[in-house]
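Visitor: My questions will all concern the structure given below.
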Amino acid sequence: MASSREKLFWSSLWIYSLATGLASMIFMAWAFYVETSGRGALFIEPNRTLAAGELATVATGMLALFILFLRSLGRSD
């Protein structure tokens with residue numbers, strides 16, 4: 001039986017992955033909407049530190065999803 005600390009870790013990882021995925025979907029939906037209305041949606045972050053933080057958030061979200069995927073492959077239901 002898994003400990004409560006382990007359950008908290010996996011639940012937190014799942015919530016983090018879900019949040020980063022939803023934020024990415026909302027941003028992409030906005031970008032596609034702007035593109036279809038005839039305007040270009042070029043978004044360049046002028047602050048390099050903030051841009052690196054955003055990239056790190058996306059990268060860690062993808063890594064978390066990959067870890068959750070591998071964990072689900074190893075489960076025997």
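Visitor: To the nearest 0.05, what FRET efficiency results for Thr36 and Arg5 with a Förster distance of 35 Å applied to their C-beta separation? Walk me through the numbers on the way to the answer.
Guide: Values: r = 47 Å, r/R0 = 1.34.
Rounded to the nearest 0.05, the efficiency is 0.15.
Visitor: While we're on this one: If each DSSP helix of 4+ residues adds -39,500 (n - 2.57) and the sum is divided by the residues in the chain, what number results at 222 nm, nearest 500 deg cm²/dmol?
Guide: On the way: 2 runs with 60 residues, N = 77.
Value at 222 nm, helices only, nearest 500: -28000 deg cm²/dmol.
Visitor: I would also like to ask the following. Give me the extension gain from Val58 to Ala19: residue separation times 0.36 nm, minus the current Cα-Cα distance, reported in nm with one decimal. It would help to have the intermediate numbers written out before the result.
Guide: Numbers: separation 39, 0.36 × 39 = 14.04 nm, distance 1.04 nm.
Gain on stretching Val58 to Ala19: 13.0 nm.
Visitor: May I pose another question? State the percentage of accessible surface on the chain attributable to carbon and sulfur atoms; use a 1.4 Å probe and exclude ligands, DNA and RNA.
Guide: Values: 4630 of 6580 Å².
Whole-percent figure for carbon plus sulfur exposure: 70.
Visitor: Helix 4-36 versus the longest principal axis of the chain: what angle, 0 to 90°, nearest 10, using Cα atoms?
Guide: Compared with the principal axis, the helix lies near 20 degrees.
Visitor: Projecting each Cα onto the charge dipole of the chain (Lys/Arg +1, Asp/Glu -1 at the beta carbon, about the Cα centre), which of Ala64, Gly38, Met28 comes out farthest on the positive side?
Guide: Comparing the listed Cα positions along the dipole, Ala64 ranks first.
Visitor: Taking the Cα centre of the chain as the origin, how large is its charge dipole in debye, to the nearest 20, when only Lys and Arg (+1) and Asp and Glu (-1) carry charge on their Cβ atoms?
Guide: Working: 6 positive and 5 negative charges, 39 e Å.
About 180 debye.
Visitor: Rolling a 1.4 angstrom probe over the protein heavy atoms, how many square angstrom per residue are accessible across the chain?
Guide: On the way: 6580 Å² over 77 residues.
Dividing the accessible area of the chain by its residue count gives 85 Å².
Visitor: Taking Rh as the Kirkwood radius, which is the inverse of the mean 1/r over Cα pairs, what is the Rg/Rh value for the range 28-71?
Guide: Numbers: Rg = 14.6 Å, Rh = 12.6 Å.
Ratio of gyration radius to Kirkwood radius: 1.16.
Visitor: Using only Cα atoms, what Kirkwood radius does the chain have, in angstroms?
Guide: Details: mean 1/r = 0.0672 Å⁻¹.
That comes to 14.9 Å for the chain.
The values are calculated or read from the model by the stated rules, or taken from the named source; none is laboratory data. All values derive from a computational prediction rather than experimental measurement. Ideal geometry is used to build each Cβ from the backbone, glycine not excepted, and the neighbour counts take in all protein chains shown. To get the accessible areas, we keep the full protein, side chains included, count just its heavy atoms, and leave off ligands, DNA and RNA. Shrake-Rupley method; radii C 1.70, N 1.55, O 1.52, S 1.80 Å.
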